[in-house]
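The values are calculated or read from the model by the stated rules, or taken from the named source; none is laboratory data. The shown structure was predicted, so the numbers you read here are calculated from the model rather than taken from an experiment. So basically every Cβ, Gly included, is an ideal-geometry build from the backbone, and we count neighbours across all protein chains shown.
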């Protein structure tokens, strides 16, 4: 299938590792000029060079920015070139009891997980509409539908992200611009791997045993394993393509069957 992506330009927020990097790699493999993003300029430069080695024919650049810092966001917007595809992937997550989630935590999660996409879409969507083509994809989570008790602030921010994507899609009516969201399930991203390692160390058990225990406790998963970042990336790449022209305003499930409700 020709995904009609060659020559397009994509910006992927939070793409120096994990799901974001997997998305960037998948898009680069389809001939997209990709712009990576991370907080640490030195690390980002290394990641850019790494992706260039992995996909030698690709055009890969990087723009560092911390989405919790207003000055960084303003500078990023000033430096962004014309973008055909916006992937709103950057996000924070942590396990935390509700009574220990401070007002500052709530503000930070909303700032990074929600307002990052709002600000980028506000900056880039008008030009997409003027050009007559564009794609915006929000990388959300099944936690935005089934809010976890041990990270309510995270789940709530992902629910808000879904709402933003749904509302923005209505602004594209009658155009070749689409706005969609992906509901990822339990994915073994770098961040999740770090959390699993910490939990395993705290309980003095092997990492693989902790990994198996976590996924085994998820009784609704039909996949029966963690999702790989590349599997989320495959869905995002399709939604960003010309082949997905009739999909707009959708929340596409890539959750391994974890959700038991219809969307």
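Please go through (1) assigned to a helix (DSSP H, G or I); (2) touching a strand residue (DSSP E or B) at 6+ places or on another chain (Cβ under 8 Å); (3) buried (at least 23 other Cβ atoms within 10 Å of the Cβ) for residue 140 and return the number of the only condition it doesn't satisfy.
Result: residue 140 fails condition (1) only.
Do the conditions hold for residue 86, that is, is it assigned by TED's automatic domain parsing to the domain that holds residue 120, touching a residue at least 40 places away in the same chain (Cβ under 8 Å) and either assigned to a strand (DSSP E or B) or out of contact with any helix residue (DSSP H, G or I) (no Cβ under 7 Å at 6 or more places or on another chain) (or both)? Explain how you work it out, then say what you get.
Details: assigned by TED's automatic domain parsing to the domain that holds residue 120: yes; touching a residue at least 40 places away in the same chain (Cβ under 8 Å): yes; either assigned to a strand (DSSP E or B) or out of contact with any helix residue (DSSP H, G or I) (no Cβ under 7 Å at 6 or more places or on another chain) (or both): yes.
Considered against the rule, which asks whether it is assigned by TED's automatic domain parsing to the domain that holds residue 120, touching a residue at least 40 places away in the same chain (Cβ under 8 Å) and either assigned to a strand (DSSP E or B) or out of contact with any helix residue (DSSP H, G or I) (no Cβ under 7 Å at 6 or more places or on another chain) (or both), residue 86 comes out as yes.
Listed residues 104, 111, 142; which is without any contact (Cβ under 8 Å) to a residue 24 or more places away in the chain and assigned by TED's automatic domain parsing to the domain that holds residue 240? It would help to see each step written out before you state the result.
Details: 111 fails: without any contact (Cβ under 8 Å) to a residue 24 or more places away in the chain; 142 fails: without any contact (Cβ under 8 Å) to a residue 24 or more places away in the chain.
Every option except 104 fails the conditions.
I need the helices (runs of 4 or more DSSP H) fully contained in the stretch 176-240, keeping only those with at least 3 residues that are over 17 Å from residue 143 (Cβ atoms) and in contact (Cβ under 8 Å) with a residue 60 or more places away in the chain. Steps first, answer last, please.
Values: elements: 190-203, 207-217, 229-239.
Result: 229-239.
With the structure loaded, tell me whether residue 55 is closer than 27 Å to residue 114 by Cα and in the same structural domain as residue 112 (by TED's automatic domain parsing) or whether it fails that test. Quick ask: steps written out before the conclusion?
Values: closer than 27 Å to residue 114 by Cα: no; in the same structural domain as residue 112 (by TED's automatic domain parsing): yes.
Spelling it out, it is not the case that residue 55 is closer than 27 Å to residue 114 by Cα and in the same structural domain as residue 112 (by TED's automatic domain parsing).
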